[in-house]
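Nothing in this text is a laboratory measurement; each read-out follows from the coordinates by a stated rule. Computed from a predicted structure; not experimentally measured. With ideal geometry, Cβ positions are generated from the backbone for all residues, glycine too; neighbour counts draw on all protein chains shown.
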Ligand SMILES: Cc1cc2nc3c(=O)[nH]c(=O)nc-3n(C[C@H](O)[C@H](O)[C@H](O)COP(=O)(O)OP(=O)(O)OC[C@H]3O[C@@H](n4cnc5c(N)ncnc54)[C@H](O)[C@@H]3O)c2cc1C
């Protein structure tokens, strides 16, 4: 099975492309059937500056294929609405897991996956020549292209690194401000946090142009003092927030995964988590389908069907978080909802499990 079948032509050289190639190898697909480009040009600034919260489920998937990079474990997630009393805390202890997730730098994740791909020979193995009709293209280039529905949020995220006074505690903070969500995530270095602060594009640009001390004062006013004094520790970037989802994620001989299939608002930190599940399940679906004698087109249809619930569910949750928590008339209700969630362990556990492992 493993050495016959279509060549897998992987487009893209980011985390989802590499993860797919490595999962395919682990599923027993011969490396000479996998064609993937190795790009070792410097990362674009927007990717080099990005930090990612990976769910526990993604972390477990990643450990199957690569040596995980330096990461900060998340012991607690604290969710609140600015100016309202209700809040909820989800802890790894109550969930009975070692961590709810891990925060790492995009650049170090990419490096780990590139190292694993290089050791597995994925960058030097000559691939089988693809005869017409015998190649299957896996798009993981991080761009949905033309066939996408687009939802704008009239938001842009200000991204920066922040140093904090408080001792490391493993708490990830998600705070819904009137203009958009503000997240502070612990980084692998002590006292260092990643800031994702969403607001209207004009407001984010205004904040990004402030002197670091003035920005820190505004951030402190919006977030408060749970982490002690905050200082801006890196240049700021502004990223527009748009959700793009492809209408079709498979054809008879092509599949789109990761951000090539859907690019989400980062509010719930779900984009790469969804992309890694795409990569794993596509590789497994192709290998299992081949073993059962199914043609590639049927494997792709089965894959798309199996991904529907997780994909649409994650998109819906992310869109809702990005929009509902910023609607002013609903703010007292949001606070009540969070307080209720805080009191109800089964509901809290259900939300946490969904975010840790996706829809199973
Ligand atoms: C501000 C922000 C914060 C986010 N936070 C989270 C989070 O906390 N958790 C989460 O799960 N998701 C998060 N995401 C989403 C996450 O970054 C994407 O879902 C994920 O990066 C998709 O991976 P991908 O490989 O599909 O494509 P991308 O990472 O979007 O793009 C990779 C593509 O870039 C291209 N590229 C260009 N130059 C290079 C180069 N030198 N080397 C390699 N590739 C290169 C390649 O074609 C490659 O395929 C966030 C997104 C944003 C915008």
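At a 10 Å Cβ-Cβ cut-off, how would you order 198, 175, 299, fewest neighbours first?
So the residues, fewest neighbours to most, are 175, 299, 198.
For the chain, what log10 I(q)/I(0) values come out of the Debye formula at q = 0.14 1/Å, with one point per alpha carbon and no solvent?
The Debye formula, applied to the Cα set alone, gives -1.17.
At a Förster distance of 22 Å, what's the computed FRET efficiency of residue 154 paired with residue 231, Cβ-Cβ distance as r, to 0.05?
With a Förster radius of 22 Å, E is 0.15.
Work out, step by step, the length gained on full extension between residue 119 and residue 297: first 0.36 nm times the residue separation, then minus their alpha carbon distance; give nm to one decimal.
Between residue 119 and residue 297, full extension yields 61.0 nm more.
Below 8 Å, C-alpha to C-alpha, sequence gap of six or more: please give me the relative contact order for the chain in percent.
Relative contact order here is 23 percent.
Report the residue, chosen from 187, 56, 294, that carries the largest GNM mean-square fluctuation when the chain is represented by alpha-carbon nodes joined by springs under 10 Å.
Answer for the Gaussian network model of the chain: 294.
In a Gaussian network model over the chain where Cα atoms closer than 10 Å are linked, find which of 41, 177, 82 has the largest mean-square fluctuation.
41
With both partners inside the chain, how many of the DSSP beta bridges are antiparallel, as a percent to the nearest 5?
75 percent
For the chain, what is the mean residue ellipticity at 222 nm derived from helices alone (per DSSP H run of n ≥ 4: -39500 (n - 2.57); sum divided by total residues; nearest 500 deg cm²/dmol)?
For the chain, the value works out to -12500 deg cm²/dmol.
Can you list, largest first and rounded to whole Å, the semi-axes you get for the range 48-177 by taking the square root of 5 times each eigenvalue of its Cα gyration tensor?
Square roots of five times the eigenvalues give 36, 22, 15 Å.
With bins 10 Å wide starting at 0, give me the P(r) of the range 198-242 over every alpha carbon pair, in whole percents.
It works out to 27, 53, 19, 0, in whole percents.
Given springs between every Cα pair under 10 Å in a Gaussian network model of the chain, which of 290, 141, 213 has the largest fluctuation?
Among 290, 141, 213, the largest mean-square fluctuation in the Gaussian network model of the chain belongs to 213.
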